[in-house]
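The values are calculated or read from the model by the stated rules, or taken from the named source; none is laboratory data. Here the structure is a predicted model, which means the values were calculated and not measured. Cβ atoms come from the backbone with ideal geometry, glycine included; neighbour counts cover every protein chain shown. What goes into the accessible areas is simple: the full protein's heavy atoms, side chains included, and nothing from ligands, DNA or RNA. Shrake-Rupley method; radii C 1.70, N 1.55, O 1.52, S 1.80 Å.
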Amino acid sequence: MLSMSKLRYRIKSVPPSVLFTLLTDSGYNIDRIDKSVYKTVGSLSCSNMQTGMLLIRSVITSTTRSFSSMAGTILVHARDPAKLSVEIENAIDERRYDDTWKLFEQHMQMEGFPRKSIVNKLLTSFTESLEAKWLEKAYGLVEQAFEESKHNLMEKETLIYLSLGLAKCGSPIPASTVLRKLVAMEQYPPVTAWSAILAHMSLTAPGAYLAAELILEIGYLFQDGRVDPRKKSNAPLIAMKPNTNSYNIALAGCLLFETTRKAEQLLDMMPRIAVKADANLLIIMAHIYERNGRREELRKLQRHIDEVYNLSDIQFRQFYNCLLSCHLKFGDLDSASKMVLEMIQKAKEARNSLAASTFAFDATGNDSRSPSGQISGQHLIPRKLDGLENDKFIENDIVSYEEFARDRNFLNLEAEAKRVLQTLLAKLQMQVELITTEHGILQPTERIYVKLVKAFLEAGKTKDLVQFLIKAEKEDTQVSNDDSALGHVINSCISLGWLDQAHDLLDEMRLAGVRASSSVYASLLKAYINADRAGEVTALLRDARSAGVQLDSSCYEALIQSKVIQKDDQGALHLFKEMKVAKIPRSGHQEFEMLVKGCEENREASLMSKLLKEIKEGQRDDNGVHDWNNVIHFFSKKRLMQDAEKALKKMRSLGHSPNAQTFHSMVTGYAAIGGKYTEVTELWGEMKSFASATSMKFDQELLDSVLYTFVRGGFFARANEVVHMMEKGNMFIDKYKYRTLFLKYHKTLYKGKAPKFQTEAQLKRREAALTFKSWVGLT
């Protein structure tokens, strides 16, 4: 077929009558010819009519052949658009989604988008199905409408409804994109609506990260009083402002999926957009500060916690669990052990008070008490219980659009967001393991004993450990001597082969006037015999006898066997006689192995077995890292980057290895100043070399902050490097954010043709930028 340009060159004009004759003679319906072809051919002229007729017939024949291969398209062009619209509406009403989509595609090929009411009806109907296939179609339709600048066809409520459906169906990325497009077109969704979308997004790791990003993006519009609430025109924008409930949801999601540095960015924004903290938010803040090692912030928060009147038992427990955990993280064993002893003492006082009150009630014959004869702990500590022990049911269905549209203020969505928040908070409560409550009274769990013992032993503070355990057991009179914490600790040391530490603990117990059970001596004695440490065996026997401890038959049998092996017949005979004189029965006390077996068979493992697991599986913390991280974070937050650099050097010179949190503070500090892209590039090189030489791992939050800085500064070769690393580690990347960032700062970059002459460095920079541009979907 000749091209149109060649045809224009050879043919000047053809009379309309001749053109009509040619079309009719070709057996082709004039209505089916593309308008552009008709106009072009109709405007041509020819000096040689015969040549012109042949050329036009050539065009028509080729066009006819093309159209005959597109029978479906020809059919569409032959149909009435109005009737097609009616058929689409009927298919939607009858929930015939396959037919709806086929008819819609035909309308798109013929006339483009149908009228606004049909587009919205189709989107809401597909959303109501809550099927991934139709939700994907609906989202694709929205994307197409925005690409063709037809977004005015879609109503705000329709897009909110679609975003909610996508979030409920586990598609947080398109759900967040729809919300972002609403904000971009200044159709601001009220916070009561988008907080429910945020809640369902926060049930997945990518969704929780996007929820935090949305809070930051929307909150940025309101920072430092940028929006005047007194202007009536700002009312829709003010209605979108993040509130306490949306903050709770986003922060709880960050905690559950361990993006707590992103959560701390949200906390930094709170005072700038005037968000007030409620009881839930205070507890969530405590969790974030504990995870990030912000002990001073926790101490400041403690004053607010003690002043809040409506904290529940569970919330109260969570805060002190965070504070206690933070003391351990910093290696502050004095503060941690002091907290535990105070809890035990208060619990003892409360038990005594409860017993006295119960006795008084019994003496006066008051029958109004509870069946168990106990008084509620609320009489002792005025804190109410709540029902968050079990997960709340998350609604996976969706209301009809008709019902959705009737709720003009989105009150049902607000209630739904609060229900999902309760589920998130319940999951957070399950992570509390150091403290429990009974009748509203805080009490330490076995887990805190395990962690404290491990920390004392690692620090070599045997004497302090013994003193702590003795004080604890004096306060907790319910513990028997045979089942004491000290006994469990010594047995754990023996099991781990830490025989010297076990012997030191026994010595400290003896000096403190605390008598250890015979099973503890027996366990250590057998361990010394198996290790062939005769000197220690003799010393331990002497200590046991001076302490008045009677060894069991298994110890004597082990001692006799060792004497026989050493060919010390007289010593063996002496031990046998001693055993007979003491009238020690052969059953004796339970051996250590039986004790361990019993621990394993119990439903709840004892302190000893938990301690064994903690020491074997746990890693030793470098407490100094948390102190230096706080110093570097302080300098970075204040934008004193020279001081932060000096602190980092000092930290490394003292033998403390920086981690992802350390470098994250540095990167965000440089980014806050602006223009420090070279410094971040140098830091990136240092991070890579450090990570290859140590066990430090890059996490999503660190790499995302580095990527943001590189894209903002136009360092696309480095940005592509970070993208590759994140994709290799299966980390979520918010492409929408980086596409927006690229368009904001580099929209015109490398848009034209490449220059003929450019250096190798220029060529590489261009290729890197185009690669990144393609990755974010801009080519």
Where labels lie 7 Å past Cα in the beta-carbon direction, separation of Glu258 and Lys133 in nm: 3.8
Relative packing of 662-674, 630-642, 317-329, which averages over residues the other C-beta atoms within 10 Å, highest first: 317-329, 662-674, 630-642
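Can you pull out the GluC sites (Glu not before Pro) in region 144-179 whose DSSP state is coil and whose Cβ has at most 14 other Cβ atoms within 10 Å? Provide the component values of the computation, followed by the final result.
Numbers: sites: Glu147, Glu148, Glu155, Glu157; in loops: Glu148, Glu155.
Answer by residue number: Glu148.
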Residues Ile565 and Lys471, FRET efficiency given R0 of 56 Å [Cβ-Cβ distance, rounded to 0.05]: 0.85
Candidate residues Trp134, Trp498: accessible-area rank, largest first, probe 1.4 Å: Trp498, Trp134
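Taking Cα atoms of region 80-154, Rg/Rh with Kirkwood Rh, to two decimals?
Ratio value, two decimals: 0.93.
If you add up the charges near Phe410, with Lys and Arg at +1 and Asp and Glu at -1, over every other residue whose beta carbon is less than 14 angstrom from its beta carbon, what do you get? It would help to have the intermediate numbers written out before the result.
Details: positive: Lys156, Arg406, Arg408, Lys418; negative: Glu157, Glu403, Asp407, Glu414, Glu416.
Cβ neighbours under 14 Å give a net charge of -1.
Find out how many positive minus negative residues lie around Met641, taking Lys and Arg as positive, Asp and Glu as negative, among other residues whose Cβ is under 14 Å from that of Met641.
Details: positive: Lys637, Lys638, Arg639, Lys646, Lys649, Lys676; negative: Asp643, Glu645, Glu679, Glu682.
Within the 14 Å Cβ shell, the charges total +2.
Do any trypsin sites (Lys or Arg not before Pro) in region 180-232 lie in a loop, going by DSSP, with at most 14 other beta-carbon atoms within 10 Å of their beta carbon, and if so which? It would help to have the intermediate numbers written out before the result.
Numbers: sites: Arg180, Lys181, Arg226, Arg230, Lys231, Lys232; in loops: Arg226, Arg230, Lys231.
Sites meeting the loop and neighbour criteria: Arg226, Arg230, Lys231.
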Region 657-776 - percent relative contact order, Cα under 8 Å, separation 6 or more: 25
Per DSSP, loop GluC sites (Glu not before Pro) in region 213-313 with at most 15 further Cβ within 10 Å: Glu258
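What number comes out for the charge environment of Asn243, summing +1 per Lys or Arg and -1 per Asp or Glu over other residues with Cβ under 11 Å away?
So the environment of Asn243 carries a net charge of 0.
Ignoring ligands, DNA and RNA, please state the percent of accessible area on region 657-776 from carbon and sulfur, probe 1.4 Å.
Details: 3280 of 6190 Å².
Here carbon and sulfur together make up 53 percent of the probe-accessible area.
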Surface accessible to a 1.4 Å probe, Tyr745 within the full protein complex, Å²: 90
Heavy-atom accessible surface of region 231-299: percent carbon and sulfur, 1.4 Å: 50
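State whether region 657-776 is rounded, prolate or oblate according to the following rule on the C-alpha gyration tensor (a ≥ b ≥ c being the square roots of its eigenvalues): a/c under 1.5 gives rounded; otherwise a/b larger than b/c gives prolate, and the remaining case gives oblate.
On the way: a/c = 1.85, a/b = 1.74, b/c = 1.06.
Here region 657-776 falls in the prolate category.
What does the highest-first list of 731-737, 234-240 look like by mean Cβ count within 10 Å?
Working: 731-737: 18.1, 234-240: 15.6.
Most protected by this proxy first, the peptides run 731-737, 234-240.
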Label point distance in nm, Lys156-Lys276, each placed 7 Å from Cα along Cα→Cβ: 2.6
